[in-house]
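Down below is the structure, laid out as structure tokens.
The values are calculated or read from the model by the stated rules, or taken from the named source; none is laboratory data. On a predicted model such as this, the values are computed, not experimentally measured, just so you know. Cβ: placed from backbone, ideal geometry, glycine included. Neighbour counts: every protein chain shown. With ligands, DNA and RNA removed, areas are computed over all heavy atoms of the protein, side chains included. Shrake-Rupley method; radii C 1.70, N 1.55, O 1.52, S 1.80 Å.
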Amino acid sequence: MSLTKEQVLKIADLARLDLSEAEVEKYGSQLSSILKYVETLNQLDVSSIEPTAHAVSVATPFREDVAVQDETLEKSLRNAPDQEVPFFKVPKVL
Amino acid sequence: MTELYDLTIHELQDLLKTKKASSQEITTSVFQRIKSVEPRVQAYITLTEESALAQAKLADEKISSVGAQFIAPLFGIPIGIKDNFLTEGIKTTAGSNILNNYIPPYNGTTVQKLLDAGAIIPGKLNMDEFAMGSSNETSFFGTPKNPWDLERIAGGSSGGSAAAVAAGECFASTGTDTGGSIRLPAALTNLVGIKPTYGRVSRYGVIAFASSLDQVGPLTKDVMDGAIMLQALAGHDPKDSTSINTPVPNYVEGLKKLPKDLPLKGWKIAIPKEYFVEGMDAEVSKATQEAIETLKRLGAECREVSLPHTQYGVPTYYILATAEASSNLARYDGIRYGHRKSDPASLVDLYKKSRSEGFGSEVKRRIMLGTYVLSAGYYDAYYIRAQKVRTLIRQDFEKVFEENDVILTPVSPTPAWKIGEKAADPLKMYLSDIFTININLAGLPALSLPCGMTQSGLPIGMQIVSKHFQEEKMLQAAYAYEQATSWSQMRARL
Amino acid sequence: MYTLEGKKGTYEVVIGLEVHAQMLTQSKLFCSCSTTFGKSPNQNTCPVCLALPGVLPVLNKKVAEFAVKAGFATQSTIARKSVFARKNYFYPDLPKGYQISQYELPICQHGKLTVDVEEEGSQNSGKETKTFGITRIHIEEDAGKLLHEHPEHRSSDSTWVDLNRAGVPLLEIVSEPEMRSPQDAVAYLKKLRQTLIYLGVCDGNMEEGSLRCDANVSVRLVGSKDFGTRTETKNLNSFKHIEKAIHYEATRQIEVLEEGGRIVQETRLWDPDQEKTYSMRSKEDAHDYRYFPDPDLLPLLIEESWIEEIKKSLPELPDTKKARFISDYQLTPYDADILTSLKKLADFFEACLKDYKQPKKVAAWIINEYMRLIKADETMIESTLLKPHHVSETLKLVDDGTISGSASKTVLAKIFETGLSPKEIIEKEGLAQVSDDRALEAEIDKIIANSPKEVERFKAGNDKLLGFFVGQVMKAMQGRANPGKLNELVKKKLSA
């Protein structure tokens, strides 16, 4: 299938990516050819097949409900591009 | 005389135990080597010489206080770390501009295990951005060169991990393998690369690409070192819900107990016909055929089998891996860490510009693809269908393993290619992983090991796959082969 | 039946509620950070809930247990296998860029809740019993908090991010669109809240936001089979607001329709000051959450043996307790309803009965006196100095004549303030009842001596004046006279 420019822009918006005109063009054609290739999967009849999410199927393990105080906040805040201890900061959300 | 940096871990261990070398001598030798070759190889993103030498000094002190005979196998040995493993206080970039200045506040489980085992960290290794690539050309920090031919790629995504070990800039390295990212670079640089069973090694503290496929493993100079490294990395981790709580056998002992004579007697080795296709490099094909003959001489019964859904692996992978990645990479938003656009006009502007400036083009392409296949109206047609095909691929392997011990295939259809050769065509690049990707979809363990050289002196690797949690088997088969050949003893001359 | 009149006919309102209940766990859903409310900003965070690179989630066992309990209490089908999914969207209060929730396979489905709804304008001021379906109950994580004004320097040029709440476990309980009046909705929510509190799954505090309710509201002409387009109204943090918001929203929708407009399917916000709802999101922000199973987590499997264990550990739920109070203690349904409205109140009631087996007396005292003392505040029941044994001791003292019934009210009110024992209070306040003949006779004599006219009229046959003398003596003795004795003695004296 071939992606329209609108589709490319919509995907970019959902993914929060800002694309230049040239990128819209480039990704549009590259993604279209990848999707075309991917559609070889349509050759298979999978109607009676169960999907696999993980190759190893067991139950998700549990953690006991015990609270632990973490001590790394200060270090984490230091990585923030904009912070005001103890907060992370973003431009005003309206 | 052989330089220290050319030795294997098990050789160094003997030197340390007999006090013929100290950890400081070993570490210094590595850094001298780095100074001489790194400008040409570009394997590292970050070097931590000072802390590595301090670690080595402490290691030597401990060796003299507790006695050299008691030290663990990795004690005092420099092990390079792929730059998607979180290292407390050491910059960790995942090869991306978006994490250019990121200093993690914690060590990942496997890094902590290596440190606890006494390993020394010389630095962080170059990689494809967020491990997305097969040639390491998507890195924000340049492309590592193949030590066997500096005009060629070292493979990807663990390109730095491969180049560094092959160039003698560390003795082993960690890698991650989502579709072949350990095995492919190992094959292209004459190393042993191990992708363990999904769930065998903790993923906690490793920057995720595709969570249901990512697995941590080592790149080493030979199989024995691979067993030593896997021993150190493997084991259940309560911090990783997908890590499986099952005992870890003693891999090194497993190798030692192989009979000297006809070590593979009684072994059934499956050769899937779909992995010997047209378009494959003739020298790779020949080397693999010769390896099969060698295995037969070692007592193994080699027989052709079929994995009928092989050709559907790459498309399945590119749906599932990109879908997971598009979500895994949503956290890189310029708010809590990472690159942020200066003076964003609005919140949406902050998100879009920070991410667009921070991510490289391959990462953006995969995020776009993954977003698309999960979006309303396409989810069933792409994502669910791919998960179903994943079932078929898994069942192919299950069937073959009913009657065979291991599977043998080539790793890469070609030896290392020239830098830039495939960079312009994403689809062509994706097909480099055609022999490795299905192993990840099935969650199986596999390793890559040297099995030949092209006429022009480029390494060729072969892949051995075993059943879930039977890493011991593939290591044994590889070890038997390695003992009978000399490929792994060859070193790149720089 | 609740209906609204429009120009084009009579409308009925269709309501479904989505309730988010914060679970009473010690730690968050997927990491070990504390869930304690009111900590300094970002103190309850760690690499996992800050979504630093490389971290992974591990499920809190208690959360699964709580979800199963809620499932049992609502007669839901409990899934032996449920799956965590990612809901993908970008917002600064959502650090991972996705919320871990359950989508296709939730932990509970097909439940129901039976409630008594106050019928408005019904002649017998009665209650009608109704059953509302529960579509699903699922587990998900809460988001963080955005502050649009800095808490200290009050500037408002940025937004500040506090992730203490990010990752706190929530149960989302989604009802069927089966409610037809604001009263239905309130009754449903009250019952749900009561049930969750009984289970110990949620503290039910709506002001602090540990129980949050969104209302899906649509209207249609009575008799119509099709649903109208619905809106979702958020920020409903009290029963009063829910009632008002639903009424407002239904009225608004009817107005729109009658003016020939169309209802837009959208999220609206209730403004409690203006008492209006207003649209929250513009259309260009159309969401595509791209749900898919979280590959960092494996399926949540609940073993049969564990389900049995949880079932056994279930507390008695309000309806069962109420029925038992009626049958075991011969209480009226009205009294039983009040006593079981709060679990702690019911426990208090039964604790009083331990040493004093007169349920009706205890019930009367709790309903008439105790409820007033604690101002119907559940938290007071544990914090107050007045304990169940005080109640039984005091009521026994009434029965054996040590104090009068009216004095007992004073005694317990004083214990409530001071925590002293009933005997200490009686002594200190001089509340002991006087039953001694001589002491009573002395007072009676005084009153008789001071009331010659009344004595004359009584003797002339005005029997009613007996009460006057008793009352006067009681007044003079500050109510401490044993009323039985007093009556008897006054009669004797006057007829002498």
Which of the pairs B:K257/B:K399; C:K409/C:K464; B:K145/B:K428 have their Cα atoms more than 24 Å apart in this structure?
B:K257/B:K399; C:K409/C:K464
Can you give the extra length, in nm with one decimal, that the chain gains between C:Q478 and C:E427 once fully stretched, where that is 0.36 nm per residue apart less the Cα-Cα distance?
16.9 nm
For chain A, with a Gaussian network of springs between Cα atoms less than 10 Å apart, report the residue from A:L31, A:L14, A:L73 with the top mean-square fluctuation.
A:L73
Trypsin sites (Lys or Arg not before Pro) within segment B:1-90: which are DSSP loop residues with at most 15 other Cβ atoms inside 10 Å?
B:K19, B:K20
Measuring from centroid to centroid over Cα atoms, what is the spacing of segment B:99-163 and segment B:358-372 in Å?
20
C:K7-C:D116 FRET efficiency (beta carbon distance; Förster radius 45 Å; 0.05 resolution)
0.85
Distance in nm between pseudo-label sites at C:H287 and B:E61 (7 Å out along the Cβ direction from Cα)
5.6
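I need the fraction of alpha carbon pairs in segment B:77-185 separated by more than 26 Å, rounded to a whole percent. Mind showing how you got there, number by number?
Values: 600 of 5886 pairs.
Result for the distance tail: 10 percent.
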Rounded to the nearest Å, the spacing of the alpha-carbon centers of segment C:223-250 and segment B:223-247 is 54
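Provide the FRET efficiency to the nearest 0.05 for the C:H389-C:S435 pair, computing r from the beta carbons and using R0 = 25 Å.
0.50
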In terms of the Cα gyration tensor, with a ≥ b ≥ c the square roots of its eigenvalues, is chain C rounded because a/c is under 1.5, prolate because a/b exceeds b/c, or oblate?
prolate
Let me understand chain B better: what is its radius of gyration from the alpha carbons, and its Dmax, in angstrom?
21.3, 73
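May I ask you to derive the FRET efficiency for C:Q265 and B:K399 from their Cβ-Cβ distance with R0 = 45 Å, giving the value to the nearest 0.05?
0.35
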Quick one: length gained pulling C:S327 to C:K453 fully straight, 0.36 nm per residue minus the C-alpha distance?
40.0 nm
Which residues in segment C:202-238 place their backbone N less than 15 Å from a point set 7 Å from the Cα of A:K92 along the Cα-to-Cβ direction?
none
Segment B:4-261, accessible area per residue, ligands and nucleic acids excluded (1.4 Å, Å²)
28
Once both label points are put 7 Å beyond Cα along the C-beta direction, the B:Q489-B:K260 separation in nm becomes 1.6
Pseudo-spin-label distance C:D355 to C:N487, built 7 Å along Cα→Cβ, given in nm, is 3.0
Equivalent-ellipsoid semi-axes (√(5λ), Cα gyration tensor) for segment B:167-272, whole Å, largest first?
24, 18, 15
Of B:L258, B:G279, B:L295, which is farthest along the charge dipole of segment B:256-313 in the positive direction, counting Lys and Arg as +1 and Asp and Glu as -1 at C-beta?
B:L258
When the helices in chain B are scored as -39500 (n - 2.57) per DSSP H run of 4 or longer and the sum is shared across all residues, what 222 nm value do you end up with, to the nearest 500 deg cm²/dmol?
-11500 deg cm²/dmol
Longest segment of chain B lacking GluC sites (Glu not before Pro) that sit in a DSSP loop with at most 15 other Cβ atoms within 10 Å
B:4-277
Would you mind listing how long the protein assembly as shown runs along its three principal axes, going by Cα atoms, in whole Å with the largest first?
141, 79, 60
Too long at a 27 Å Cα-Cα cut-off: which of A:K36/C:K81; C:K127/C:K322; A:K10/A:K36; A:K75/B:K239; A:K10/B:K341; B:K473/C:K96?
A:K36/C:K81; B:K473/C:K96
Taking the alpha-carbon centre of each part, the distance from segment C:75-123 to segment C:136-197 in Å is 12
Expressed as a percent, the accessible surface of the protein assembly as shown that is carbon or sulfur, using a 1.4 Å probe and the full set of protein chains, is 50
Which positions within segment A:47-62 get 20 Å² or more of their accessible surface covered by the other protein chains, compared to the chain by itself, with a 1.4 angstrom probe?
A:I49, A:P51, A:T52, A:A53, A:H54, A:A55, A:V56, A:V58, A:A59, A:T60, A:P61, A:F62
